[in-house]
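Below is one structure; the comments refer to it alone.
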Amino acid sequence: MPPLPLAKILNIALPSLSGEARAVVEVLACNNGLLPPADDVATFLGLRTRHQVARTLRRASLPPLEELAAWTRLFYWVLQWEQNGASLLALARQSHLEPATCYRLVRRLMGQPWSGVRSGGIAGALLRFRTIWKDSGMHQLALQPYLQAAARQEAAGGAALAVGAGNFRADFNIRAVRQPPRAIADPGGQPRGVLDSRLHIAGYPFDVAIAPDGAAWLTRLHAAVLERLQLQPLTSTGVIHVGIAPTRVIVAPSGARAWVTNQFTKDVAVVDLACRRRTGSIAMEGDPLGAALSPDSRTLYVSTNLDRLCVCALSDNGGRIVRSTALPQACTELAIHPAGNRLYVPTWKAHVGILELDARSLTVIHRYEVGGQPLGVAVSSDGLRLYCGNEHGWIDLVHLPTGKIVRRTFDTPVNEVAVTPDQNVVYASLRSAGRIAMLDAHTLAGVGTLETGGLPRHIAFDRLGNVALVANEAGWVDLVR
């Protein structure tokens, strides 16, 4: 999940930006300069009103939101021309904009027609932006070397991936030395699989975790908060502002602390759950996506959109990156073996399967050839079974001691997976179909279906297995009994 070319260019062009101002630029880049409603931008940043967004941009010496969106849109058009030879007429129609309006916008911002802007390229457009907004504190640019390097990287992408795959094959037959699984104090049970109640929550609910005290914690990707939920009855009991674009939440086994990956603030927030406040952070290079916590709670593994897997040594109020390694492609999913000695990393759209890495050295020990686009992963508590949802329409059960794979196919993509506390049933979210499939954990035979509607994503169980929560990107959370 590498950063978009437009976002990469803007990160180079605006190196002094940080925090909320950087997030505004990221939002505009993700929309190719098309301006969302100002109040929606404010909600995404965790601000109350569009006036706070305006003040954020003024403090960063950036143009007003509409003007910044216009410049971002111009940068996108120039990049598309350079990369694909796309005409402004075609780009305008693609975005459902009036072509004459687009041509006038180009002339207003650049002081010359589209033909002249094309000749200057993205470097010329950014230079013009710097000249007009000279008080922005931007460093001197070295755009041409950057663009040449980016082009070389783009051209070499396939070759680099092939080389990486060759290295994985060299280690393919190395067997993992597996430690005995830890004893499970309470095996728990499983919900009956019946929808009990629903709580509507805006802001793109994405991930959910249930702490030992029974409180649930939900990331709202487009609201910059971590929300606390009470299960009985299902209701919200408050929010914690943790950062912008909070994605995954990992709760410590003690329930005292949580870690939240914040994509647009490029950090992992450390949250005191008892005091309900952010107490620190771990700075990351790139946007943090997925995360997994070691069994002793001393190490956090984080994947980023720069296709890196980072090992973070944790402290009371934060932590630091102690080592990292390159991945073929990172995503929001990551799993750790119960013994803490192995990591399982799906490579999503890179077509390299699932990587098994040594948790200490980050060397690749094994590669499971599952094909398709592997995404959600989960490991059974005995450390013998690995489950992986695949966006090409199946779920795989990998018997880790032998490498044998059992597969069940669906007529729709399979996204996230979760195993019930008694280890007998696997819940798999079928996002595009709006339902949850319940499967026998040993055979993958179907045992039930839960029609949630919307866009179901991550699933969490309470410690005893009496209930499950399903985060739904369409704007609600379901409680399953």
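The values are calculated or read from the model by the stated rules, or taken from the named source; none is laboratory data. Nothing here was measured: the structure is a model prediction, and the numbers come from that model. Reconstructed Cβ throughout: ideal geometry from the backbone, glycine too, with neighbour counts over all protein chains shown. Ligands, DNA and RNA are excluded from the accessible area calculation, which covers all protein heavy atoms including side chains. Shrake-Rupley method; radii C 1.70, N 1.55, O 1.52, S 1.80 Å.
How far apart, in nm, are the 7 Å Cα→Cβ label points at THR402 and ALA86?
The two pseudo-label positions are separated by 5.0 nm.
Please work out the Cα center distance from region 429-478 to region 36-98, rounded to the nearest Å.
With region 429-478 and region 36-98 each reduced to a Cα centre, they are spaced 36 Å.
Based on the alpha-carbon gyration tensor of region 325-425 and its eigenvalue square roots a ≥ b ≥ c, which shape applies: rounded if a/c is under 1.5, prolate if not and a/b is larger than b/c, or oblate?
oblate
So what are the radius of gyration and Dmax for the Cα set of the chain, in Å?
Looking at the chain, its Cα Rg and Dmax stand at 23.3, 72 Å.
May I have the pair-distance distribution P(r) for region 330-375, computed from all Cα-Cα distances with 10 Å bins from 0 and rounded to whole percent?
All Cα pairs, binned at 10 Å, distribute as 32, 54, 14 percent.
How big is the accessible area of SER236 in square angstrom, nearest 10, if you roll a 1.4 angstrom probe over the protein chains?
50
Please compute the per residue accessible area over region 19-145 with all protein chains in place, 1.4 Å probe, rounded to a whole number of Å².
I get 50 Å² per residue for this part.
Taking all protein chains as present, what is the carbon and sulfur share of the accessible area of region 14-68, in % to the nearest whole number, probe 1.4 Å? List each step's numbers first, then the result.
Values: 1220 of 2550 Å².
Result for region 14-68: 48 percent of the exposed heavy-atom area is carbon or sulfur.
With a/c under 1.5 counting as rounded, go ahead and sort region 303-348 into rounded, prolate or oblate using the C-alpha gyration tensor (a ≥ b ≥ c being the square roots of the eigenvalues; past the cut-off, prolate if a/b is larger than b/c, else oblate).
Working: a/c = 2.15, a/b = 1.30, b/c = 1.66.
Judged from the Cα gyration tensor, region 303-348 comes out oblate (a/c at least 1.5, b/c at or above a/b).
How big is the C-alpha Rg of region 206-358 next to the rule-of-thumb value 2.2 N^0.38 Å, as a ratio?
Relative to the 2.2 N^0.38 Å estimate, region 206-358 comes out at 0.99.
Classify region 209-269 as rounded, prolate or oblate, taking a ≥ b ≥ c as the square roots of the eigenvalues of its Cα gyration tensor: rounded when a/c is under 1.5, otherwise prolate if a/b is larger than b/c and oblate if not.
Note, shape of region 209-269 comes out oblate.
Got a number for carbon plus sulfur as a percent of region 359-406's accessible area, 1.4 Å probe?
Answer for region 359-406: carbon and sulfur cover 56 percent of the accessible area.
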